[in-house]
Amino acid sequence: MRRLALSAAALLCCSGAVAALPTAATAATAAPHAAATFTDDFDGPAGAGPDGSKWNTETGDNVNNHEREYYTPGNANAKLDGQGHLVIEARKENPGNYQCWYGRCEYTSARLNTSGKFSAQYGHVETRMKIPRGQGMWPAFWMLGDDIGSVGWPNSGEIDIMENVGFEPGSVHGTIHGPGYSGSDGIGAGYTLPGGQAFADAFHTFAVDWSPNSVTWSVDGHAYETRTPADLGGKSWAFNKPFFLILNLAVGGYWPGDPDGSTPFPSQLVVDYVHVTTSNTTPPPAGTHTITGVGGTCMDVAAASNANGTPVQLYACNGSNAQAWTVGSDGTLQALGKCLDATGNGTADGTQLQLWDCTGGPNQKFTPNAAHDITNPQANKCVDATGQSSANGTRLQLWTCTGTANQKWTVN
C-alpha cells in the first residue's frame, strides 16, 4: 500500500475541483438500482474534442494537491486521434498565459468528467488505456459521488479505479476515500505487473466491480483488492449511491513529485474506451435462497450434514435444505444452521470451503456482487468450482478472481 506509506501523499484532484459541478444529475442519470450503460469508444475524426453529450471539460489549476498543470478547455489538450482513441496530452508550454497557484503555469493538460451527464450506482466500470511514463506524471480514472455539490468532499465518497505515479512505472493503485478515511488516510492497495514490466509499454484494462457494500478492483481481469464496510473500522461507507466518472492527467503534486529533466513532453494518456455496465440487482432480500453456479448446478452441503468440516460442493438443484442459503446482514452465508467457511482461515488459491460453526471470523465473510462473483474480502478471492467442472460433488474453493463461468453465481 505504497500510497498510504507516503508521509506527504496528496488528495486526488477532487478536493481542489477546478470546475463547478452540478449539484444534481440530469434526467439522463441512472437512478439507484436501475440498469444503465455508458459507452464511449472515442470514434470520430482526428482532432475532434470529446463528445460533449457525455463529457464536461474542466478548466483551471489545483492548489490543494500542488499540481503544476493548468487544465485547458475544449480540445486543446484532449482530442480524438481518428483511430478510436482519446488522447489527453500534457505539455510543457503555456500559450494562453494561464496563471496557476505558483505563478505563470508551466504545463497544460486536460481533465474530463460526466457530472450531470451520466452517473450510475453499482455495476462494472472499465477502461482500456495506455498511460504515459516519466517522473511527475499522474494519470487517473476515478469516480465521485453525485452529491458532492451538497455534502462536499470527502463525504461524497471517491473511488479511484486507477492511479499511477511516474516513479512507479510498473504499479497502479486502487483506493476509496470517505469521511474519516480521505487523502493520505484513504484505504487501498497497489497492483504491480510481473517481470519488471511498465504500464506505459502497452494498453491495459482497469476496472471495478461495484455492488452494495463491496468494491473489487482488477487489472487485465486479475482482481487484486476488495473493500467492504468491514475495512472502515466503524466509519461511514460512502459508496451505496450514484457516482460520476472522471479522467485526467495531472502533472506534479505532493504524491508524484514534480517533473524533472528526464520527463518526456509532450506526454500522452491514450484511452481506448470507457464502458460502464450497471445492474438491476439489489442486495438479496431476507430469507433463504438457492445459489446456482456453472452448469445450473447448486451450492450444496455434502450429504446434508451440518457437522463441522462438511464439504461445500456443486450438486444438481433439488430444493433440499442442504441447498437453502441465508445471506446474513453480517456478511455470512449460512445453511443448516452453520456458516460457509474458508478452511483453516486460509487465503491461498485452492483453500477449500466447508461448513462450520459461525464464529464471526473474516474467513466466514462472503460478498455477492453485481458481477455475479461471491468474494471473500479477507483473501480478495472468489468462490470457485474446482477444475471449472459442473459435475455433482465438485468441491468449492477460493481462487483468484478470473471472471470465468465457474466463478459466477446467482442468488435466487
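Values quoted throughout were computed directly from the atomic coordinates according to the rules given, and no laboratory measurement underlies them. Being a predicted model, the structure only gives us computed values, none of them experimental. So basically every Cβ, Gly included, is an ideal-geometry build from the backbone, and we count neighbours across all protein chains shown.
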Worksheet, complete the sentence: Expressed in Å to one decimal, the Kirkwood Rh of segment 126-198 from all distinct alpha-carbon pairs is 13.3
Practice prompt. Would you please give the FRET efficiency between D258 and D81, computed as 1/(1 + (r/R0)^6) with r the Cβ-Cβ distance and R0 = 35 Å, to the nearest 0.05?
Written response: 0.80
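Using unit Cβ charges (K, R positive; D, E negative) and no other charged atoms, how large, in debye to the nearest 20, is the dipole of segment 184-279 about its Cα centre? Walk me through the intermediate numbers first.
On the way: 3 positive and 9 negative charges, 77 e Å.
It comes to approximately 360 debye.
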Practice prompt. Choose one of N248, Q323, L340: the residue whose Cα lies farthest towards the positive end of the charge dipole of segment 235-341 (beta-carbon charges +1 Lys, Arg; -1 Asp, Glu; about the Cα centre).
Written response: Q323
Worksheet entry | Cα-projected label distance for R104 with T400, points at 7 Å along beta-carbon direction, nm | 5.1
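How much net charge surrounds W142 when only other residues with a Cβ under 11 Å from its Cβ are counted (Lys, Arg +1; Asp, Glu -1)? Write down the numbers at each step before the final one.
Details: positive: R111; negative: E158, D160, E163.
Computed value for this residue: -2.
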Fill in: Percentage, to the nearest whole number, of Cα pairs in segment 288-411 over 23 Å apart
16
Worksheet item: From the phi of every residue in segment 75-81, what ³J(HN,Hα) in whole Hz does the Karplus formula 6.51 cos²θ - 1.76 cosθ + 1.60 yield, where θ is phi - 60° and glycine or proline is x?
Response: 9, 4, 10, 9, 8, 6, 9
Worksheet, complete the sentence: Residue-ordered couplings for segment 198-205, obtained by feeding phi - 60° into the Karplus form 6.51 cos²θ - 1.76 cosθ + 1.60 and rounding to whole Hz (Gly and Pro as x), are 10, 5, 6, 7, 7, 6, 9, 9
Discussion item. Under the rule a/c < 1.5 gives rounded, and otherwise a/b versus b/c splits prolate from oblate, where does segment 102-250 land using the Cα gyration tensor?
Written reply: oblate
Worksheet item: What is the gain in length, in nm to one decimal, between T410 and A348 on full extension, counting 0.36 nm per residue of separation less the C-alpha to C-alpha distance?
Response: 19.9 nm
Practice prompt. Kindly work out what percent of the DSSP beta bridges joining two residues of the chain are antiparallel, to the nearest 5.
Written response: 95
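Most exposed first by the Cβ proxy, i.e. fewest other Cβ within 10 Å, how do T205, T288, T216 rank?
Values: T205 17, T288 13, T216 26.
Ranked by crowding around the Cβ, least crowded first: T288, T205, T216.
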Worksheet item: Roughly what % of Cα-Cα distances in segment 95-159 sit above 19 Å, to the whole percent?
Response: 55
Discussion item. On a full-extension model of 0.36 nm per residue, what is the gain between S53 and S236, subtracting their alpha-carbon distance, rounded to one decimal in nm?
Written reply: 62.5 nm
Worksheet entry | Karplus 3J(HN,Hα) series, Hz, for segment 405-411 with 6.51 cos²θ - 1.76 cosθ + 1.60 (x for Gly, Pro) | 4, 6, 10, 9, 9, 10, 8
Practice prompt. Take H85, H177, H66 and order them by how many other Cβ atoms sit within 10 Å, fewest up front.
Written response: H66, H85, H177
Worksheet item: When only DSSP loop residues count, what chymotrypsin sites (Phe, Trp or Tyr not before Pro) in segment 130-203 have their Cβ near at most 16 other Cβ atoms within 10 Å?
Response: F167, F203
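Distance cut-off 27 Å, Cα to Cα: go down the list K241/K408; K130/K408; K92/K130; K117/K241; K235/K338 and report the pairs above it. Working shown, then result.
Details: K241/K408 24 Å; K130/K408 29 Å; K92/K130 20 Å; K117/K241 16 Å; K235/K338 29 Å.
Distance filter (> 27 Å) returns K130/K408; K235/K338.
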